[in-house]
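Here is the structure we will look at, set down as structure tokens.
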Amino acid sequence: MASTTFSSPPLSKLDLSLVLSQRNKKFGATSIPLSSKTHLQKFKIHHQMVRLPHFKSKCVIVSSSLNDQVEDKILPTPETTSNSHPQPEVQTRMWNWRGYSIRYQYGGNNGPALVLVHGFGANSDHWRKNIPVLAKSHRVYSIDLIGYGYSDKPKPRQFGDNSFYTFETWAAQLNDFCIDVVKDEAFFICNSIGGLVGLQAAVTEPQICKGIILLNISLRMLHIKKQPWFGRPFIRSFQNLLRGTAVGKAFFRSVATQESVRSILCQCYHDTSQVTDELVLKILNPGLEPGAADVFLEFICYSDGPLPEELLPQVKCPVLIGWGDKDPWEPIELGRNYGNFDSVEDFIVLPNVGHCPQDEAPHLVNPIVESFVSRHAKSSPGTS
């Protein structure tokens, strides 16, 4: 496993549709004990601007070195690709899951299936910069997890003492979606807590998931297992206060405003110019739907369930981790440890990017997805 760093200022202006083509490394060729992986290997990417006769505009030649092997990749600029490859139409539909209405978006008719899984408080619109690009050569689906976006939001209390909004519930939703809607195996592309959903789904039904990309997966630092024993009773009491009294609803009302949502997004996005009015409303409006407050409070009080370090050893499919190195919520210094698991084939550092790389830096994330899928997908004609 190696650590990759993207460090190319001009890349923000490029359509990197051909970056990181297939490496000479095969996943799973050797099994390396965790104890032997004490340091993450890095390979650096260098770039230079050149003119090529068969392109009308400049291209970037990227040289990446991995285990002393060097490969060159030619990356066309947007001028060379945008006209010849129009973006596919993105459609929105509803799916009935166990009696609940679930929203999803999709685009593309050919190629491997991708299912994009959002993080806490977000929805499928958080992938609006990725779906049209990836749908040019893939069947792309983005789903609203139950309780989020414009999917149904059943009240947690109707399930009694049993927790409903858990990673097990969302994993079951994800796997059933692949069976009922995608009707095929799929790659899971996940952000934040969506990474836990993808991992749990892959562990539960390993025959469905062909590979997972984790973008700044949640470290779950508030998990009960990560708290000192003497503090756990106080945590439980505080959670009961939020869920069972007016304090929780008052807290939700304070954050469910345009000003608060913008402030929160500006914390987790390093490039705050990407925090647009459109983004704020895409996140806020579904949170104003009936039942959203109860779901919000239920999840912030959810300190049980699996941890990434518990699921990664159980995953049978290849995993790639991408991490924005300016994430204030999930520090990369801690995230690097996940790169030591045998299931993780690569840990890619995304420089000057925050917690939501797919939206803040789609020009980096989209080609990583394309490269990973091309390495692990078997050619099958499937149609949505």
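The values are calculated or read from the model by the stated rules, or taken from the named source; none is laboratory data. Everything numeric in this text was worked out from a predicted model, so none of it was measured. Here the Cβ is made from the backbone with ideal geometry for all residues, glycine too, and neighbour counts use every protein chain on show. Protein only, heavy atoms only, side chains kept; ligands, DNA and RNA dropped before computing areas. Shrake-Rupley method; radii C 1.70, N 1.55, O 1.52, S 1.80 Å.
Structure values in brief
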| quantity | calculated |
| --- | --- |
| Unique residue being under 30 Å from residue 377 (Cα atoms) and among the aromatic types (Phe, Trp, Tyr) when the list is 159, 177 | 177 |
| All positions within segment 165-180 that are surrounded by fewer than 21 Cβ atoms within 10 Å (Cβ to Cβ) and of a type in the set (Gly, Ala, Ser) | 172 |
| Top-ranked residue of segment 210-230 - restricted to ones that are open to solvent by less than 50 Å² (accessible area, probe 1.4 Å) and aliphatic (A, V, I, L, M), ranked as nearest to residue 187 (Cα to Cα) | 212 |
| Total residues in segment 337-359, condition assigned to a helix (DSSP H, G or I), open to solvent by 10 Å² or more (accessible area, probe 1.4 Å) and not aromatic (Phe, Trp, Tyr) | 2 |
| Residue that is in a helix (DSSP H, G or I) and open to solvent by less than 20 Å² (accessible area, probe 1.4 Å), where the choices are 242, 320 | 242 |
| Selection count, segment 105-164, where residues are among the aromatic types (Phe, Trp, Tyr), open to solvent by 10 Å² or more (accessible area, probe 1.4 Å), touching a Ser or Thr at 6+ places or on another chain (Cβ under 8 Å) and not in a strand (DSSP E or B) | 1 |
| Residue 330, sole failed condition from (1) in a loop (DSSP other than H, G, I, E, B); (2) touching a Phe, Trp or Tyr at 6+ places or on another chain (Cβ under 7 Å); (3) acidic (Asp, Glu) | (2) |
| Qualifying residue in segment 181-201 (condition: in contact with a Cys (Cβ under 6 Å, 6 or more places away or on another chain), assigned to a helix (DSSP H, G or I) and either touching a residue at least 12 places away in the same chain (Cβ under 8 Å) or open to solvent by 50 Å² or more (accessible area, probe 1.4 Å) (or both)) | yes |
| Unique match (being farther than 30 Å from residue 288 by Cα, at pLDDT 50 or above and of a type outside the set (Phe, Trp, Tyr)) among 54, 126, 85 | 85 |
| Some residue of segment 350-364 being among the charged types (D, E, K, R) and modelled with pLDDT of 95 or more | yes |
| Residue match in segment 210-224 (condition: more than 28 Å from residue 334 (Cα to Cα), in contact with an Asp or Glu (Cβ under 8 Å, 6 or more places away or on another chain), charged (D, E, K, R) and modelled with pLDDT of 90 or more) | no |
| Number of the condition not met by residue 302 [criteria: (1) part of a loop (DSSP other than H, G, I, E, B); (2) under 17 Å from the mean Cα position of the chain (by Cα)] | (2) |
| Residue in segment 302-316 that is surrounded by the fewest Cβ atoms within 10 Å (Cβ to Cβ), counting only those that are in contact (Cβ under 8 Å) with a residue 60 or more places away in the chain and closer than 30 Å to residue 352 by Cβ | 307 |
| Selected residue (criterion: nearest to residue 124 (Cα to Cα)) from residues of segment 256-301 that are touching a residue at least 12 places away in the same chain (Cβ under 8 Å), polar (S, T, N, Q) and open to solvent by less than 60 Å² (accessible area, probe 1.4 Å) | 274 |
